[in-house]
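Take a look at the structure below.
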Amino acid sequence: MILYFKTIYKVSAALLSGMWVTFKWMFRPSMTLQYPHEKAVTPERFRGTLVFDKDTCTACNLCVKACPTACISLEPYVDPATNKRLAKINWYQIDFGKCNYCRLCEEACPTKPVKSVRHSHGYEWTMTDRKEMHVKWVR
C-alpha cells in the first residue's frame, strides 16, 4: 500500500516539474522566425555551402590533400607547347554527398586575401538528386 502512494507521489512530482518548465516559458517572448520573409542570422564562423573561385585558384592541390573524405578533385592546366603545369586549372570538382563541411580545405588554401575555396553563409541549398551533388567548375 505504501509503495502504491509512493509511486503516485513520484509520478505527480515529475508531471508538475515538467509543467513548471512549460509555465516558465509561456510568458517569455517567442523566438520564432517567419522563414520565407525573415532569415536567420548566421554566426561569423558558420560553415555553409562551399564556394569556389576559379580565377584565384593556383592549382596547388593542397585542398585535395587536406580533404579527409576525398570529395575534392581537380585537374591543373598543362601548357601543350612546353608540357609544364601552370597556375591555372582545367576543372575543379566537389562531391557534396561526401563532404562533411570540416573546413580543412579552406584552411589549406594558400591564396590570400580571398581564399579560392571557402564556406559561404548560405544555408538554403537543396539537392533533389545525387547527380546534383557533383558540382564541377570548368575553365
- Message: Take the residues in region 79-96 that are free of Cβ contacts under 8 Å to residues at least 40 places away in the same chain, within 17 Å of THR56 (Cα to Cα) and of a type in the set (A, V, I, L, M); name whichever of them is surrounded by the fewest Cβ atoms within 10 Å (Cβ to Cβ).
- Response: ALA87
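Out of all the residues in region 1-39, which are among the hydroxyl-bearing types (Ser, Thr, Tyr) and under 30 Å from GLU124 (Cα atoms)?
Hits for region 1-39 are SER30, THR32, TYR35.
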- Note on the structure: The residue that is farthest from MET133 (Cα to Cα), considering only those in region 51-78 that are loosely packed, with under 12 Cβ neighbours inside 10 Å and of a type outside the set (D, E, K, R), is PRO68
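Where residues in region 97-139 are of a type in the set (Ser, Thr, Tyr) and closer than 28 Å to LYS39 by Cβ, which of them is surrounded by the most Cβ atoms within 10 Å (Cβ to Cβ)?
SER116
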- Given the conditions (1) of a type outside the set (Lys, Arg); (2) modelled with pLDDT of 90 or more; (3) surrounded by fewer than 17 Cβ atoms within 10 Å (Cβ to Cβ), every one holds for GLY48 apart from (2)
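Consider region 97-121. How many of its residues are polar (S, T, N, Q) and either under 11 Å from CYS71 (Cβ atoms) or without any contact (Cβ under 8 Å) to a residue 40 or more places away in the chain (or both)?
The total comes to 1.
The values are calculated or read from the model by the stated rules, or taken from the named source; none is laboratory data. All values derive from a computational prediction rather than experimental measurement. Cβ sites come from the backbone with ideal geometry, for glycine too, and all protein chains shown count toward neighbours.
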